[in-house]
Amino acid sequence: MGAHTLIRANGEPLDTAIHRAAGGYVDCALEMSGAASAVVSATRVVRPGGWISLLGIGDQPVTLDLSTDVVMRGLTLHGVVGRRVPATWERTTAYVREKVVDVAGLITHHFALAEIDGAIELMKSGQCGKVALTPTG
């Protein structure tokens, strides 16, 4: 997908790996997993005065040190929910359809709608990227 650096969350501490890869702090973070460890790491890798967009919905509550990691560093947290239809949804669909944006590399599995139980089990396992469902497979 064109990333300059790949960091595996199961290796060294995420904060250390991101600081090394970025050469210091980053201006912003887009946290899309909702994983508690990733949300906490985001508050520690963004520069003072930076911002974080929280798009992921985790399966556990997240405990943050708001005083140290948010308030004293002047971070801005943005909770992102839903989408503005048609302003973004229809435009994004057109980009994909017209191949302005190639999302093929994000889709790791295809399932027929009738196989939704298997698709859900795969997603719960964490062993996939984006799973696409189609009416017929």
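Laboratory data are not the source of any read-out in this text; all were calculated from the coordinates shown. None of the values given here were measured: they were computed from a predicted structure. Because the Cβ atoms are built from the backbone with ideal geometry, glycine has one as well, and the counts that use them run over all protein chains shown.
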Helix-only mean residue ellipticity at 222 nm for the chain, each DSSP H run of n ≥ 4 adding -39500 (n - 2.57), per residue, nearest 500: -8000 deg cm²/dmol
For region 21-101, state which trypsin sites (Lys or Arg not before Pro) are in a DSSP loop and have at most 15 other beta carbons lying within 10 Å of their beta carbon. R83, R84, K99
Reference-scaled alpha-carbon Rg (2.2 N^0.38 Å with N residues) for region 14-79: 1.02
With an 8 Å Cα cut-off and a minimum separation of 6 or more residues, compute the relative contact order for the chain in percent. 16
Taking region 89-134 and dividing mean pair separation by its residue count, relative contact order in percent (alpha carbons under 8 Å, at least six apart): 41
Cβ under 14 Å from M72's Cβ, M72 left aside: what net charge do those residues give with Lys, Arg +1 and Asp, Glu -1? +1
In Å³ per residue, the alpha-carbon convex hull of region 89-134 encloses 80
